[in-house]
């Protein structure tokens, strides 16, 4: 069964950086959705989701990212992804999300964009 | 594992409760078999994603008899996977089913990863998502 997802938000200037570790699927996507939702409700509008520690992501995770991007944009902000592994970059490319969500190699790059 | 003794190809089966935590088990099942058959790592990553999507769709459609049924079989140089789907509508019930975008993505992603992906009627009338890799 899926190991628990680790999701930790932290403030970095005008950005909220959300570190994620584990596998994101139908089972664990609600955890990510809850953390991102709480951050947005708490006033975060610029969110960088650090995917460096994410080993797997399917459409359940994509749905969470798209929903959060929409909410950030509605609030005048942005959602960016940091350091997704190659299989995850492929999913983002297949779905065309790499054209919609900015992807950065480092948290520093994302939060200074 | 079944078959293989009387000339037929060995058939590998995984049955779990129809619950989201077991989708990861199905991914491990697919990856383990693919490694046993020496498939490339990039293909194994694609198989894990297709399996996850097929299983998520099975959960969203209610599966069959409350079970998640996955099978795999070697046919020639290909490793063929089948995931039994339910007869429920993706528009009804379930957290995934409430998000039509995610529901549509399941099949689109599987089709994008594997050209031969298809949704067919299984032997007992249940719908089955089938895809294969070499």
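Summed over qualifying helices (DSSP H, 4 residues or more, each -39500 (n - 2.57)) and divided by its residue number, the protein assembly as shown shows a 222 nm mean residue ellipticity of -11500 deg cm²/dmol. Size check on segment A:30-74: the Cα extents along the three principal axes, sorted descending, read 29, 18, 16 Å.
Relative contact order of chain A, taken over Cα pairs closer than 8 Å and 6 or more residues apart, is 25 percent. Please identify which residues in segment A:55-88 have an amide N closer than 13 Å to a label point set 7 Å out from the Cα of residue B:108, following the Cα→Cβ vector. From segment A:55-88, the list is A:59-60, A:62-63, A:66. Across peptide B:19-25, the mean count of Cβ atoms from other chains lying within 10 Å of each residue's own Cβ comes to 6. Counting, for every residue in B:41-48, the Cβ atoms of other protein chains within 10 Å of its Cβ and taking the mean gives 3. A convex hull fitted to the Cα coordinates of segment A:1-64 yields 72 cubic angstrom per residue.
Is the protein assembly as shown best put as rounded, prolate or oblate by its Cα gyration tensor, with a ≥ b ≥ c the root eigenvalues, rounded for a/c under 1.5, and otherwise prolate when a/b is larger than b/c, oblate when not? Here the protein assembly as shown falls in the prolate category. Remark: A:59, A:112, A:68 ranked as A:112, A:68, A:59, counting other beta-carbon atoms within 10 Å and listing the fewest first. A Gaussian network model of chain A, with springs between Cα atoms under 10 Å, assigns the largest mean-square fluctuation among A:103, A:47, A:94 to A:94. As a length-normalised measure over Cα pairs under 8 Å and 6 or more apart, the relative contact order of segment A:3-54 settles at 45 percent. For segment B:52-70 versus segment A:69-96, the spacing of their alpha-carbon centroids is 27 Å. Remark on chain A: Rg and Dmax equal 12.6, 38 Å (Cα only).
Coordinate-derived values only; no laboratory data. Please read these numbers as outputs of a predicted model, since none were measured by experiment. Cβ sites come from the backbone with ideal geometry, for glycine too, and all protein chains shown count toward neighbours.
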